[in-house]
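I have placed the structure first, in the form of structure tokens, so that the comments after it can refer back to it.
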Amino acid sequence: MLFKSTRRIRRIIESKMKNPDSVLLGRIRDELWTSHNIPLTYSLSTMGNDRPLISSDVRMLAIKNNVRQLMQSDLSGLRCLDLGCLEGGISFEMAREGMDVIGVEGQDSNYRKCKAIEEYFGLPNLHFLHADVKELSKQSLGTFDVILCCGILYHLDNPFSFIEKLHEMCTDFGMMFLDTHFAPDRTSLKACKFRESLSDIETFEYDARVYNGRWFHEFDDKGSPEKAGIWAAVSNYRSFWPTHESLIKTLYHNGFKHILEVFGTFEIEEEYALKAEYSRSYFLVMKESQLL
Ligand SMILES: C[S@@+](CC[C@H](N)C(=O)[O-])C[C@H]1O[C@@H](n2cnc3c(N)ncnc32)[C@H](O)[C@@H]1O
């Protein structure tokens, strides 16, 4: 059963889909959409038939089902932060669940698409911010019940300080969904499709602790981020990927002591093959206070 406020949001979306603003619709359709298939009318969406609508995308379903289960409540009214939100599809979908969502995106061309979605639907609970995620703070944005850190941690040159900041920005009984690559160990490197762009295993010292990982080459240090592509880092030419162990440890050291790794999003043999090829996993993490 949907809460009254969520039903209201759904009604706004349906009415925009039935009676679209043709100018805004044209603007959206003129953009190049690369990943998030957002419904626009009952017959049009940002990516057409190229891929499932964002509402039935497997990762989106994993996010929503797991978040719902862990929050043990209807999501309406909860605050959600979507980091490196690309084309705004995940933010839109969480807003459709009634959450108050802020999506943060650093690249101009992606932000423009997010903003067009914000304007097109005019939802009171969906807003986008053009910013470098490294500059965010609890002081400026407050705290969030749900933080979505999908496809962004591995684009940062200091993932350790970023996790520390996200812990500050998470409410005591909130949670974070983390979808990230991690550095393959020596035996897994051969199977990883990113091996050519990864350094040898190196150490990274943060907060008097030593972590292991590999540097990932984003773009030449004298080049511009735009050249790296619209899914890439915006303010650092290389990113540090912690190993699986270092990732778990830094989450723990920063206070996300309740850590679950998600399995079962795909058929299990396929899931293991994907994990080996992409060296990537989904995690749900919560604060120590959840353990009391
Ligand atoms: C791989 S995409 C992931 C997009 C989306 N979160 C998803 O999982 O579908 C990475 C996104 O993060 C953005 N990004 C990378 N570094 C960023 C930074 N420092 N600040 C803000 N956005 C950033 C990129 O522009 C891109 O949209």
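The figures follow:
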read-out: Some residue of segment 177-187 being within 16 Å of the ligand (Cβ to nearest atom), among the small types (Gly, Ala, Ser), within 20 Å of the chain's Cα centre (by Cα) and under 30 Å from Ser56 (Cα atoms); value: no
read-out: Lone unmet requirement of (1) without any contact (Cβ under 8 Å) to a residue 24 or more places away in the chain; (2) part of a helix (DSSP H, G or I); (3) within 16 Å of the ligand (Cβ to nearest atom) for Phe219; value: (2)
read-out: Filtered residues of segment 31-88 (kept if of a type in the set (D, E, K, R) and either at pLDDT 95 or above or more than 22 Å from Ile230 (Cα to Cα) (or both)); value: Glu31, Asp57, Arg59, Lys64, Arg68, Asp74, Arg79, Asp82, Glu87
read-out: Residue within segment 179-192 that is touching a Cys at 6+ places or on another chain (Cβ under 7 Å) and surrounded by fewer than 17 Cβ atoms within 10 Å (Cβ to Cβ) present; value: no
read-out: Output for segment 76-132, where each listed residue is within 13 Å of the ligand (Cβ to nearest atom) and among the acidic types (Asp, Glu); value: Asp82, Glu87, Glu93, Glu105, Asp108, Asp132
read-out: Residue under evaluation Pro52, criteria (1) without any contact (Cβ under 8 Å) to a residue 60 or more places away in the chain; (2) part of a strand (DSSP E or B), criterion not met; value: (2)
read-out: Within segment 89-201, helices (runs of 4 or more DSSP H) holding 2 or more residues that are free of Cβ contacts under 8 Å to residues at least 12 places away in the same chain; value: 138-141
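To keep it simple, each residue is scored yes or no on (1) among the hydrophobic types (A, V, I, L, M, F, W, C); (2) closer than 20 Å to Ser188 by Cα; (3) surrounded by 19 or more Cβ atoms within 10 Å (Cβ to Cβ).
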residue	(1), (2), (3)
Ser235	no, no, no
Thr250	no, no, yes
Gly255	no, no, no
Ser279	no, yes, yes
Met286	yes, no, yes
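The values are calculated or read from the model by the stated rules, or taken from the named source; none is laboratory data. Quick caveat, the model's predicted, so the values are computed rather than measured. FYI the Cβ positions are ideal-geometry reconstructions off the backbone, even for glycines, and counts take in every protein chain you see.
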